[in-house]
Amino acid sequence: MLKGKSAVVTGATSGIGLVIAKALAAEGCNLVFNGLGDSQEIENLRRGIAEDFAVKSIYHGADLRKPEDIPALIEAAEEAFGRLDILINNAGIQHVSPIETFPSERWDAIIATNLSAAFYTIRAALPGMKRQGWGRIINIASVNGLVASIHKTAYVAAKHGILGLTRAVTLEIAEFDITCNAICPGFVRTPLIERQIETRAADHGISIEAAAVEHVEEKHPSKKFVTTDEVAALAVFLCGEHTASINGAALPVDGGWLAW
Ligand code: NAD
C-alpha cells in the first residue's frame, strides 16, 4: 500500500514508535528512524526491519529537545529517498510529580520533546509535501490531550498543545491533500509508563503485575492495556487511501477511557 513512499518516525527506537515503524515498513514504506538509545541496539533494529520487510532505512539521531537539530532530520529523508511523504511525531517523555515540586528542567524537556519538536518537524516537512501535493502527518498525542490526569502538568499541557497544533496546521494544509491528525492512546505498556506502575507497586506494597492491573482498570473500561499494534494499525490506516477528508482529528484508542 505504501510502496515507494517514505516516512520519518520520531522516537522509533522503543515502544509505540518502533511498532509504527515496523507497520509502515510492512506496507513497503522506506524509513528514517529517529530516537535515543544504544547505537548498536539501534543499528540492529534498523537493519532488522530493513531486511525483514525489504525496505530502505536510515537512522538519524536528532535530539528533539534541540530545535537546531530538527531540519537535518527532515532533510535526511528528502536526501535519502527524494521525498518525505509521512511524518510521525511520536517521541515523548513523561514526569509525574505534584506541581509544587515539579522540576523546571522536566517541564522544559517535556514541552520541548512532546510539543515543540512537532512544530519544528512539521515546519520543515511542509514545503516538500506541498510541492508534491501529498502528505500525511500523524501526531501521537494521548488521552491526556483531551482530559487531564493528576500530577502530570507538563505532559497534559504538551498533549493538549499538540491537539491545538494539529488543528491549526490542518487549516493551512487541507487543500494540498495533506492531512494532520492526532492519535490519542490510553495506557500502552511501554517503558514510558513502567515507572508509574513501579511507583504504584511500591506505594501500595503490591507486585508489579498487580499494580499494572490496578493502573489500567482505574481508567480503561476494557480492563486491558491498549496494544502497540492497535495504535500502529490506526497510523497505517491514516496513511492509506480514502483518508484525505480525515483532517485535524483527535482519534482516541483508549479502551473506552473517554466514555466514563
Ligand atoms: P517509549 O519510552 O517506549 O518511547 C519513547 C521514544 O521517544 C523512544 O524511542 C525515545 O528514544 C524517544 N525520545 C525521547 N526523547 C527523545 C529526544 N529528546 N529526541 C529523540 N527521541 C526521543 O514511550 P512510548 O510509550 O512508546 O511513547 C511514544 C509516544 O506515545 C509518546 O509521545 C507518548 O507520550 C505517547 N503515549 C504513550 C502512552 C503509553 O501509555 N505508553 C499513552 C499515550 C500516549
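The values are calculated or read from the model by the stated rules, or taken from the named source; none is laboratory data. Note that the coordinates shown come from a computational prediction; the quantities given were computed from them, not determined experimentally. Positions of Cβ are generated from backbone atoms using ideal geometry, with glycine treated the same way; all protein chains shown enter the neighbour counts. Accessible surface areas use protein heavy atoms only, side chains included; no ligands, DNA or RNA. Shrake-Rupley method; radii C 1.70, N 1.55, O 1.52, S 1.80 Å.
On a 0 to 90 degree scale, rounded to 10, what angle separates helix 153-173 from the longest Cα axis of the chain? Once rounded, the angle reads 30 degrees. Near the amide H of GLY248, within less than 5 Å, lie the amide hydrogens of CYS180, ASN181, all on another chain or at least 5 residues away, with H placed in the peptide plane.
Comparing Cα centroids, the stretch 1-52 and the stretch 92-108 end up 29 angstrom apart. Taking the protein heavy atoms of the chain in the context of the full set of protein chains, the accessible area attributed to carbon and sulfur is 55 percent at 1.4 Å.
Fraction of C-alpha pairs exceeding 32 angstrom in the chain: 19 percent, rounded to a whole number. Of all DSSP-defined beta bridges confined to the chain, some 0% are antiparallel rather than parallel. Rg/Rh for the stretch 4-134 (Cα atoms only, Rh after Kirkwood) is 1.00.
Building the convex hull from the alpha-carbon atoms of the stretch 110-260 and averaging its projection over directions returns 9.3 nm².
Extents of the stretch 77-134, largest first, come to 48, 17, 15 Å (Cα atoms, principal axes, whole angstrom). Computed with a 1.4 Å probe over protein heavy atoms only, the accessible surface of the stretch 140-260 comes to 47 Å² per residue. Highest mean first, the peptides 137-146, 94-103 sorted by other C-beta atoms within 10 Å per residue fall in the order 137-146, 94-103.
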